[in-house]
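Trainee: I am attaching a structure below and will ask some questions about it afterwards.
The values are calculated or read from the model by the stated rules, or taken from the named source; none is laboratory data. Here the structure is a predicted model, which is why all the values come from computation and not from measurement. As a convention, Cβ positions derive from the backbone with ideal geometry for all residues, glycine included, and neighbour counts pool all protein chains shown. Side chains are part of the model used for accessible areas, which takes the heavy atoms of the whole protein and leaves out ligands, DNA and RNA. Shrake-Rupley method; radii C 1.70, N 1.55, O 1.52, S 1.80 Å.
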Amino acid sequence: MIHGIGVDIVCVDRIADAMSNPRFVERILTDRERERNFRKALKATHSRFYTTDYEVLLHFYRLKERESEVLKTYDELIRIVPGASGASEYEYRKARYLFERDRNDEALNLLMSLIQKSPFNAQYCETIGDIQVEKKNETQALSWYRRAAELSGGDMYQIEEKIDKLAPKVPATRFFEPVDVPAIARDTTGSSAY
């Protein structure tokens, strides 16, 4: 299980096992193989429902920069994936895709609807904060980042970094009174104690 920056030991062991097994080592596909996999997955989506087929389609459409097809595929997944959590995952991925494409208003609208369904999701709050930064709404971004930090629990290094960049800096002199050094030097009241 991957959490933020840290990686769980179990996950590292699984990755090491998979990498040592030649069946699981991923190789770079040629364009021809990628096209063949795409056509096979596209055909399969008409007769069965496996999310892996849709993932192949999404990957292919992204590589070919076919934005409308990517969005249609996400919409279809959102419509047919059973359970609210599965559909929400694809809605979130669609919002991230829109954000990557600088379609911030659409991404923000989608994320706001997700927040209505799942108000305690730190990932959604952080992404809304990222969008607000892009839109130059730094106070809004800061409040969303703070909300994400509260919800994330322990692993919030990246969120804290974002908060530090946006939070107004308080000068250290504000916490200290100015010291009158010559007055201290003239004061001899405490010298007899030493």
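Trainee: Give the calculated FRET efficiency between residue 180 and residue 101 to the nearest 0.05, with a Förster radius of 41 Å applied to their Cβ-Cβ distance.
Mentor: 0.10
Trainee: In addition: So, R0 is 45 Å and r is the distance between the beta-carbons of residue 187 and residue 167; what FRET efficiency does that work out to, to 0.05?
Mentor: It comes to 0.70.
Trainee: Given C-alpha coordinates of segment 23-122, what is the ratio Rg to Rh with the Kirkwood estimate of Rh?
Mentor: 1.01
Trainee: Still on this model: If you find the alpha carbon centre of segment 67-106 and of segment 128-153, how far apart are they in angstrom?
Mentor: A separation of 21 Å, based on Cα centres.
Trainee: Next question, about the same structure. Run the accessible area of segment 97-186 with a 1.4 Å probe and give the carbon-and-sulfur part as a rounded percent.
Mentor: Numbers: 3240 of 6090 Å².
Ligands and nucleic acids excluded, carbon and sulfur give 53 percent.
Trainee: Now for a separate question. Restricting to DSSP loop positions (anything but H, G, I, E, B) with no more than 10 other Cβ atoms inside 10 Å of their own Cβ, which GluC sites (Glu not before Pro) remain in segment 33-129? The partial results should precede the final answer.
Mentor: Values: sites: 33, 35, 55, 65, 67, 69, 76, 89, 91, 100, 106, 126; in loops: 65.
Passing both the DSSP loop test and the Cβ count: 65.
Trainee: Set the bar at 19 Å for Cα to Cα. Now go through 72/94; 94/117; 136/162; 43/72; 64/136 and name every pair that lies beyond it.
Mentor: 64/136
Trainee: Label residue 50 and residue 115 with points 7 Å out from Cα along Cα→Cβ: what is the distance between them in nm?
Mentor: The modelled label-to-label distance comes out at 3.9 nm.
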